[in-house]
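Take a look at the structure below.
The values are calculated or read from the model by the stated rules, or taken from the named source; none is laboratory data. This structure is a prediction, so every number in the text was calculated from the model and none was measured. Neighbour counts run over all protein chains shown; Cβ positions are idealised from the backbone, glycine included. Heavy atoms of the whole protein, side chains included, go into the accessibility calculation; ligands, DNA and RNA do not. Shrake-Rupley method; radii C 1.70, N 1.55, O 1.52, S 1.80 Å.
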Amino acid sequence: SQQGEEDPQALSIQEGENATMNCSYKTSINNLQWYRQNSGRGLVHLILIRSNEREKHSGRLRVTLDTSKKSSSLLITASRAADTASYFCGCAVGSRLTFGEGTQLTVNP
Amino acid sequence: DAGITQSPRYKITETGRQVTLMCHQTWSHSYMFWYRQDLGHGLRLIYYSAAADITDKGEVPDGYVVSRSKTENFPLTLESATRSQTSVYFCASSESIYSGNTIYFGEGSWLTVV
């Protein structure tokens, strides 16, 4: 079964607003990685957080990890129309990286 | 150009035929992966490989065969294609998942089984 589950399945916001998506997982992980997928393309790595880290930032991205709740969140601040895409969390356990169903983010101009 | 390339990008085949999807990476990454993505869904891991001649099953390995005789290549074979295997197949590579290295994806192979 899949390790990570993203929530919500779909999110629609206005340009300039913040977007928050969540990921829950089932078993202990080595690290958790967030990826973005534009329609019809491969996944592109956004940010990684290790199991011993609680928060990381990269530009407009902020990721948190709560290992006690087995959950992570991705915050995109000051969203842009170009952020419209699907976002996936990848859970790394040993040599395996498995994904959830993703969150479809639509940013309206 | 360096990177990870998949071929063919688009393929239509008939039920029962054997199909091989190719994946080639130029980074000499140890790890390679095959995922499938059905329309509107997430990625599911089919097989992965930690090094040449080392492969292991993922979440949905049934109906697929892989090999890795060379570090840079990781072909995926559908021995007898079924309609349920219609999907987009993504190959990926990484130096190490455990250590937190980035995984790089190819652009996908769109397979339709009729």
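Each residue of region B:75-85 was assigned a 3J(HN,Hα) from its phi angle through the Karplus expression (A = 6.51, B = -1.76, C = 1.60, θ = phi - 60°), giving x, 10, 10, 9, 5, 8, 4, 10, 4, 5, 8 Hz with x at Gly and Pro.
Two numbers describe the Cα atoms of region B:4-113: Rg and Dmax, which are 13.0, 41 Å.
As a calculated quantity, the FRET efficiency between B:Ala51 and B:Trp110 at R0 = 30 Å, using C-beta atoms, amounts to about 0.55. Kirkwood radius for the protein assembly as shown, taken over all pairs of different Cα atoms as the inverse mean of 1/r, rounds to 17.8 Å.
Computed over chain A, the P(r) curve from all C-alpha pair distances, binned at 5 Å from the origin, holds 2, 13, 25, 26, 19, 9, 4, 1, 0 percent per bin.
Mean separation of Cα pairs under 8 Å and 6 or more residues apart, divided by the residue count, gives region B:4-113 a relative contact order of 35 percent.
Computed from phi, the 3J(HN,Hα) profile of region B:46-61 under the Karplus parametrisation 6.51, -1.76, 1.60 (θ = phi - 60°) reads 8, 9, 9, 9, 8, 5, 4, 6, 10, 10, 8, 6, x, 7, 9, x Hz, with x in place of Gly and Pro. Across the options A:Ile13, A:Ala85, A:Ser58, the greatest Cα extent toward the positive end of the charge dipole of region A:5-108 (unit charges at beta carbon of Lys, Arg, Asp, Glu) belongs to A:Ser58.
A Cβ-based charge dipole, computed about the Cα centre of chain A with Lys and Arg at +1 and Asp and Glu at -1, lands at about 360 debye.
Of the solvent-accessible surface of chain A, computed with a 1.4 Å probe over protein heavy atoms with every protein chain present, carbon and sulfur atoms account for 45 percent.
How high is the FRET efficiency from A:Ser68 to B:Ser99, r the C-beta distance, R0 30 Å, rounded to 0.05?
Plugging the Cβ-Cβ distance into 1/(1 + (r/R0)^6) gives 0.80.
The charge dipole of chain B, taken about its Cα centre with unit charges on the Cβ atoms of Lys, Arg (+1), Asp and Glu (-1) only, comes to about 220 debye.
Coupling constants for region B:19-27 follow from the phi torsions by the Karplus curve (6.51 cos²θ - 1.76 cosθ + 1.60, θ = phi - 60°), and in residue order they are 10, 10, 9, 9, 9, 9, 10, 9, 8 Hz; glycine and proline get x.
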